[in-house]
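Okay, structure first, notes after.
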Amino acid sequence: MVTVLFVHGTGVREPSYTKALEGIRAGLSRFRPDVRVEPCDWGSALGSYLRAGGVSIPGYPEYAAAAESRGSGPPAVEECEDDEDRLRWAMLYADPFAELGAYTLAQHSSGGSAGAGFVPGAAPFGDQLMDAVGRLDTAAAVSGAWGAVAPGLSTADVVAAVSTAREFRGAVASPPADGSALPRLTARAITAWAMAHADEEPGAVAVAARDELVDVLTNELGGDTKGLSDVLVAALGFSARLFERSLGSGMIVSRRAALSSRSVGFVGDVLSYLARGQAVRDYVADTVRALPGPGPVVVLGHSLGGIIAVDLLADPASGLAVDLLVTVGSQAPLLYELDALPSLPYGTGLPDAFPPWVNVHDRRDLLSYLAAGAFGNDPRITDAPVDNGQPVSAAHSSYWANDDFYRVFSEVLPG
């Protein structure tokens with residue numbers, strides 16, 4: 001039997017590691033049910049942490065205490081995106097009500113007239129939609145799609161939060177010239193709010209599952225079209241790009257403690273590994289040697305996990321041999337080109353005993369890099385592109401929710 005060892009990346013701790021591991025097992029089983037996926041949670045044992053409670057970061061101790069009392073984590077930070085729908089989702093991940101606000105402005109600026117979207121002669125447009133939103137938590141069609149996106153959140157709680165939001169109230173009170181669009185925008189707001197408050201990062205939810213929930217909610221809310229007016233499309237696109245540009249200045253400063261909460265785990269593990277990585281490599285090597293056999297062994301390394309795997313397998317002193325290395329969203333090629341990879345000075349190339357290497361990357365994942373050219377077009381290296389369907393901010397954490405990744409992965413596995 002083929003055994004895959006999952007070596008995680010930066011900032012990963014329990015219970016997030018087990019959730020990712022279970023996701024990989026489930027995703028791979030759809031294509032290769034004969035493959036066994038085994039854990040290698042080096043972060044819980046050897047990962048970095050703020051030993052003084054974050055006192056070096058302005059405002060962090062107070063922020064951490066407040067976040068713990070709320071039972072919620074820091075907000076996500078979105079990056080630049082050039083695809084319209086992905087950019088709009090990047091905006092929604094940070095502000096689930098952004099599109100509803102843009103809708104209201106567009107409707108008032110266009111001098112909308114009544115009539116579109118619902119049956120004439122019935123209750124007013126806004127009242128119908130508010131009633132439909134209030135019934136979502138009892139709609140049988142919603143439960144299945146909801147469970148795939150936010151299983152830990154109550155539909156009723158999310159609906160209550162959205163239906164009482166100022167942006168939603170303003171949207172349903174707006175002139176409904178483009179009323180056919182409002183059910184879908186409301187469905188997107190509900191979905192985005194649920195994803196922003198779920199335990200997992202938005203990138204951990206499959207794009208297909210996210211969009212399916214939007215479609216189901218739209219249908220329950222009486223929407224029957226994905227078409228939007230030119231005025232509304234322009235308003236939404238402008239709002240999304242204005243949002244992206246606004247992230248470069250005062251917003252970042254005002255949210256420094258919140259952003260540090262996310263970045264410390266990532267940067268801390270990288271710096272700790274580059275300074276004292278031998279213990280981590282030894283941990284991974286011992287885990288490989290303890291794997292149950294017989295059968296081929298594949299190391300699957302995500303992000304920093306890919307750097308660890310390359311370093312380990314490039315070191316002849318480790319005496320470790322595996323059948324295949326698969327890196328996903330890894331920075332190992334960049335570190336090698338920068339002459340900063342601990343195991344290999346730039347220009348030395350991979351040792352003869354190095355296994356075949358498949359390097360999976362998404363062009364929107366700004367933490368993924370190409371390996372073949374960096375290593376002199378070594379024939380053992382294959383760069384495999386995938387599209388996680390997410391905006392830049394979520395792409396790095398989206399591989400495990402992407403069926404295209406599992407198709408690529410399953411095709412390169414032994415057997």
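Computed extension length for Ala173-Ala209: 9.9 nm, one decimal, from 0.36 nm per residue of separation with the Cα-Cα distance subtracted.
Solvent-accessible surface of segment 259-415, averaged per residue with a 1.4 angstrom probe and all protein chains in place: 40 square angstrom. So what is log10(I(q)/I(0)) for segment 331-387 at q = 0.22 1/Å, when the Debye sum runs over its Cα atoms only? Each listed q maps to, in turn, -0.85. Solvent-accessible surface (1.4 Å probe) assigned to Ser318 amounts to roughly 20 Å². Loop-located trypsin sites (Lys or Arg not before Pro) in segment 309-415 (DSSP state other than H, G, I, E, B) with a sparse environment of at most 11 neighbouring Cβ atoms within 10 Å are absent. As a calculated quantity, the FRET efficiency between Ala372 and Ala156 at R0 = 45 Å, using C-beta atoms, amounts to about 0.30.
When each of the peptides 331-339, 164-172, 274-282 is scored by how many other beta carbons lie within 10 Å of its residues on average, the order from highest to lowest is 331-339, 164-172, 274-282.
Computed about its Cα centre, the charge dipole of segment 7-62 is approximately 180 debye, with only Lys, Arg, Asp and Glu carrying charge at their Cβ. Rounded to the nearest 20, the Cβ-based charge dipole of segment 303-365 about its Cα centre (Lys and Arg +1, Asp and Glu -1) stands at 160 debye. Compute the whole-percent fraction of alpha carbon pairs in segment 303-415 spaced more than 17 Å apart. When every Cα pair of segment 303-415 is considered, 52 percent fall beyond 17 Å.
The values are calculated or read from the model by the stated rules, or taken from the named source; none is laboratory data. Predicted, not measured: the structure shown is a model, and the values here were computed from it. With ideal geometry, Cβ positions are generated from the backbone for all residues, glycine too; neighbour counts draw on all protein chains shown. Just so you know, the surface numbers come from the protein's heavy atoms only, side chains and all, with ligands and any DNA or RNA stripped out. Shrake-Rupley method; radii C 1.70, N 1.55, O 1.52, S 1.80 Å.
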